[in-house]
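One structure below.
The values are calculated or read from the model by the stated rules, or taken from the named source; none is laboratory data. Keep in mind that what you see is a predicted model, and the values were worked out from it rather than measured. Cβ sites come from the backbone with ideal geometry, for glycine too, and all protein chains shown count toward neighbours. Just so you know, the surface numbers come from the protein's heavy atoms only, side chains and all, with ligands and any DNA or RNA stripped out. Shrake-Rupley method; radii C 1.70, N 1.55, O 1.52, S 1.80 Å.
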2 protein chains.
Amino acid sequence: MPRPRRRVRLDTDERRAQLLALARSAFSARSYDDVSVDDLAREAKISKGLLYHYFPTKRDLYVAGLREIAEELVQRVTSIPTNLPPVERVRQGLDAYLDHVQQHAKAFVSLMRGGIGSDPEVSQVVEGVRARFAAQFLEGLPVTSTMVNDPKVQVVIRGWIGFVESVSIDWCANPRIPRNELRELLAQILLSIMTGAAPQLLPR
Amino acid sequence: MPRPRRRVRLDTDERRAQLLALARSAFSARSYDDVSVDDLAREAKISKGLLYHYFPTKRDLYVAGLREIAEELVQRVTSIPTNLPPVERVRQGLDAYLDHVQQHAKAFVSLMRGGIGSDPEVSQVVEGVRARFAAQFLEGLPVTSTMVNDPKVQVVIRGWIGFVESVSIDWCANPRIPRNELRELLAQILLSIMTGAAPQLLPR
């Protein structure tokens, strides 16, 4: 008895993974409105009904794909050792971020420009990524909780993440400067901002 | 002959303005999905059919309202005299921007978070506003066209606008610091960024 049950569950997971992979590739290549569930079912060689069994709506498929991409992004950025010097961590974090942005350009842009509309789940994914970046940045810095909870510090870190996002969205569509220059510019801007607005966060 | 014709046109314009005002107030108070065309028609005391004569879809109504709000925002920010000292212009520009954000908080947040989804017209409105802010900022500065066309300068200005947008969205939902402090912080960050990344743009 346990064996067939397990086999069915494995198949279910595999099917889900296959559909997610197809969806991610479709949403990365095309805009949300241009992705058709019919095409995805055809590619997966299953009925539309079965696809809807796994993901009841196109939106569910999109949000699930987004969560996966967001999780990978956070994993990449947060896997950087926190014992490196802060400037080096920021540089490596930006490299990981820009790798990800380049790889998922279309999905990234539509995500950040709100590809699916005013969707609370999408906002939650995006906000979650931002919050984890901010936490990662603060981890390993010689800061006290008073500094971390300083609203000015939170405004500054959040703003810098907004800076990086805006510039990255623009850079996907229009790579005005080479990637390495972009990374250095973004790292340098963080230092300038911190020096000006929150010098207490900069290690001496 | 000319008189009745003009009267009809005036009525049309008035009706359009009335519907736009109702729509703007509705979209400012509620999310896109929660605004109902039926309710708007009822408020305007007209049939849904007549409303659709002016605005064929809810999306058209939304985009028209957005354009008007965006135009007012640009007017406010660009009406600041360019002969003031740059720091004072930035400060006044931020004041005008934050006034507008406070007044249209809901519409602003849903606009910037992509309230209507991946919509090319909405993106165009938002991008248009950003481009005009960037142009306004550069106007009156002692800069040459070589400086203005420097891709690094463009990245920096665009990024700062992203910084201001992110922080403002967050501030609408969660006003961590008083408005005056926020304005000063944003102005100071622009100066820090410019000093670090594009000192040639700062007047001596």
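Some points to look at:
- Taking all protein chains together, A:Lys48, A:Lys58 sort by accessible area into A:Lys48, A:Lys58, largest first [probe 1.4 Å].
- Highest-first packing order for the peptide set A:26-36, B:73-83, A:154-164 is A:154-164, A:26-36, B:73-83, based on the mean count of other beta carbon atoms within 10 Å.
- Shortest-first nm distances, A:Glu88 label point to equivalent points in other copies (7 Å, Cα→Cβ): 4.8
- Residues in the range B:152-172 occluded by at least 30 Å² - accessible area, probe radius 1.4 Å, against chain by itself: B:Lys152, B:Gln154, B:Val155, B:Arg158, B:Gly159, B:Phe163, B:Ser166, B:Val167, B:Asp170
- Buried solvent-accessible surface, both chains (B, A), 1.4 Å probe, Å² to nearest 100: 2800
- Position B:Gln75, label points 7 Å along Cα→Cβ, spacing to each other copy in nm (shortest first, one decimal): 5.2
- Neighbourhood charge, 10 Å Cβ-Cβ cut-off, centred on B:Leu20 and excluding it, Lys, Arg +1 and Asp, Glu -1: +3
- Around B:Glu71: net Lys/Arg minus Asp/Glu count, Cβ-Cβ under 13 Å: +2
- Protein heavy-atom accessible surface, 1.4 Å probe, per residue over the range B:23-89: 51 Å².
- Between copies, the label points at A:Asp39 (set 7 angstrom from Cα along Cα-to-Cβ) are spaced 3.6 nm, reported in nanometres from shortest to longest.
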